[in-house]
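Enquirer: If you scroll down you'll find the structure; I have some questions about it.
The values are calculated or read from the model by the stated rules, or taken from the named source; none is laboratory data. Predicted model only: the values in this text are computed from it and were never measured. Neighbour counts run over all protein chains shown; Cβ positions are idealised from the backbone, glycine included.
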Amino acid sequence: MNRPTRYDDLELLRGLAALAVVVYHFLRAFLPPSQMPLLADVMGIAVERPFVLALVNGPFMVTIFFVLSSFALTVKLVETRVTVPTLVAMTKRFPRLFPMTFVGAVLPALLFAAGWMMNVEASALTGSSWLANSGGVKINNNWPDPSVVGGATDSIRLFAQGLSQYNSVLWTMRYELLGSLIALSTALVIAGERRPLFDVAVTGLIAVLALPLHSLCSICALTVLLTKYLRSSSISFSPHLAATLILFGLAIGSTYKPFPEEMATDPQIGAHVLRMDWLIHGAGAVLVFLGVHRWRRQQAPDWPRARKLGQLSFAIYVLHVPVIGSLASAVVLVIGYNLIGVALAALVTVLATGLAALWLSRLDLWWVGTLNRVARKVAVAQTGPGGLRPQSTDAP
C-alpha cells in the first residue's frame, strides 16, 4: 500500500503563520507605536509604521494561509480531471469551516455575557485603537446589543458579510470559503495534461473575475496553476536558492500599506490600492511557499511536531483574539500597563490559547475525519471504487 504524501514542511509553515498572527495582534493590543522601545521602532516592529517585519505582519501571514490552503485542496485534483471528487470537495467546504467559526464567534459572546471581555477598559491604558475596536466584541457603530444568540447568528452571517461583530479575525472565513470554491473550480477546469497557454489564460481570467470579491480569492486561483506545475515537476531547490526565495518573500511580506495614504483614501483608486496591497503580499507568500516546499521535497524524515503545530493552527487562529480581549486584558488591568504586566499578558495569551487550541483541535480533527469518510462514501457511490481519487490533506 502506497504511503500517503505528507507535507510536514507546509504544516510547519501554517503553524508558524498562525503564531505570527497572534504576535501581530498582541503587538497591536499592548505595544502601540507610541510605547514601542526605540530599538523595536527602528527595526520596524511597530505595527502602524509604513512597514512591519514579515514575521509579525498579520495580513501577510493570512495570505500564506490562503496559498497553503489552495495548494492542499487541489494538489491531488489537478493531475487528472475528476469531476465527482472535486464537486464533493466543494460541498465539504462550508461544513468544514463552520464549526470552528461557530466556536470563534460564540466564545467571545459567552465571555462578554460573563463580564470577562475587558478589551475596552484595557485599551484606555494601552492607547490601542485596535484593542478597543477589534480586540473584543464590537459594541459601537450601530452594532446590535451583544448576546450569546447574537454570537451564534454572527457565525453564519459573517460568511455573507465578511465582517464579524464578535471576533475580528473571522472576516477571513467568507473569503476562505469563496477562495476555496474558486480554487477547486480552477482545478476542475485546468486539470489534466499540461497546456501552458490554455492553463495560464483560463487561470488568469478566473483570477481577474475573482478580484472584485477579494484579492485573496484571485491568489487562490493563481495558486492552483502553480500547484499543477509543481506537482508534475521533479525540481528541488538547493538550500541556498530556497533560502534566497524565502528571504525575498519575507522582504515583500514586510510591506505594510506601502502606497501613500492619500492614494488609499482616494474614492477613485482606493479599492485598487487595497487590492494591490494584498497582491503584493500574495507574491511574497508564493515565494516563501516555493522556497519551503521545494527545499524540503527531497527530505525523507517526517516532522510529527510540525504536523501537530499545523493541526493546531486553525484553532489558534480563531481563539487568540478572544483570549487577548479577555484574559490578557484582565492581566494588564490588574498588574498595570508596565513591563511585568505586558510580559504576564503575553504568557497568559500563549498558555490559554495553546491549551484551548489543543482541546479544540481534537474536535476539529474528529470532524474533518468524519467529513472525509462521508465524502469518500459519496464519491464511491457516484463513481465506483475505481473512480475515487485519493484526497489531499484537508485545509482550514
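Enquirer: With the requirement that a residue be free of Cβ contacts under 8 Å to residues at least 40 places away in the same chain and polar (S, T, N, Q), what does the range 130-145 give you?
Expert: Correct list: N133, N140, N141, N142.
Enquirer: Mind listing whichever residues of the range 18-51 are in a loop (DSSP other than H, G, I, E, B) and at pLDDT 70 or above? Talk me through it step by step, then tell me what you get.
Expert: Residues of the range 18-51 that are in a loop (DSSP other than H, G, I, E, B), as a first pass: 31-32, 36-37, 44-50.
The answer is L31, P32.
Yes/no matrix, rows are residues, columns are (1) surrounded by fewer than 17 Cβ atoms within 10 Å (Cβ to Cβ); (2) of a type in the set (D, E, K, R); (3) without any contact (Cβ under 8 Å) to a residue 40 or more places away in the chain; (4) farther than 24 Å from T91 by Cβ:
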site: S147; (1), (2), (3), (4): yes, no, yes, yes
site: L163; (1), (2), (3), (4): yes, no, yes, yes
site: R195; (1), (2), (3), (4): yes, yes, yes, yes
site: A210; (1), (2), (3), (4): no, no, yes, no
site: C217; (1), (2), (3), (4): no, no, no, no
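Enquirer: Right, another one. Could you please tell me which pairs satisfy a Cβ distance under 6 Å, a separation of 6+ or placement on different chains, a first residue in the range 1-17 that is under 18 Å from A242 (Cβ atoms) and part of a helix (DSSP H, G or I), and a second residue that is modelled with pLDDT under 75 and not basic (K, R)?
Expert: If the second residue must be modelled with pLDDT under 75 and not basic (K, R), the pairs left are D8/D302; D8/W303.
Enquirer: Would the range 244-256 turn up any residue that is under 22 Å from the mean Cα position of the chain (by Cα), assigned to a helix (DSSP H, G or I) and either under 20 Å from T74 (Cα atoms) or not hydrophobic (A, V, I, L, M, F, W, C) (or both)?
Expert: Scanning the range 244-256 turns up at least one residue that is under 22 Å from the mean Cα position of the chain (by Cα), assigned to a helix (DSSP H, G or I) and either under 20 Å from T74 (Cα atoms) or not hydrophobic (A, V, I, L, M, F, W, C) (or both).
Enquirer: Tell me whether the range 76-87 contains one or more residues that are of a type outside the set (A, V, I, L, M), assigned to a helix (DSSP H, G or I), crowded, with 16+ Cβ neighbours inside 10 Å and out of contact with any Phe, Trp or Tyr (no Cβ under 8 Å at 6 or more places or on another chain).
Expert: Yes, there is a match, as at least one residue in the range 76-87 is of a type outside the set (A, V, I, L, M), assigned to a helix (DSSP H, G or I), crowded, with 16+ Cβ neighbours inside 10 Å and out of contact with any Phe, Trp or Tyr (no Cβ under 8 Å at 6 or more places or on another chain).
Enquirer: Hand me the list of helices (runs of 4 or more DSSP H) wholly inside the range 144-239 holding 2 or more residues that are of a type in the set (F, W, Y).
Expert: Numbers: elements: 148-161, 171-190, 196-210, 215-231.
In the range 144-239, the matching helices (runs of 4 or more DSSP H) lie at 171-190.
Enquirer: Moving to a separate point now. Just checking, how many residues over the range 222-244 are of a type in the set (D, E, K, R) and surrounded by 18 or more Cβ atoms within 10 Å (Cβ to Cβ)?
Expert: Selection size over the range 222-244: 1.
Enquirer: Taking A221 and the conditions (1) closer than 30 Å to R194 by Cα; (2) modelled with pLDDT under 90; (3) under 23 Å from the mean Cα position of the chain (by Cα), which numbered condition does it fall short on, given that it satisfies the others?
Expert: (2)
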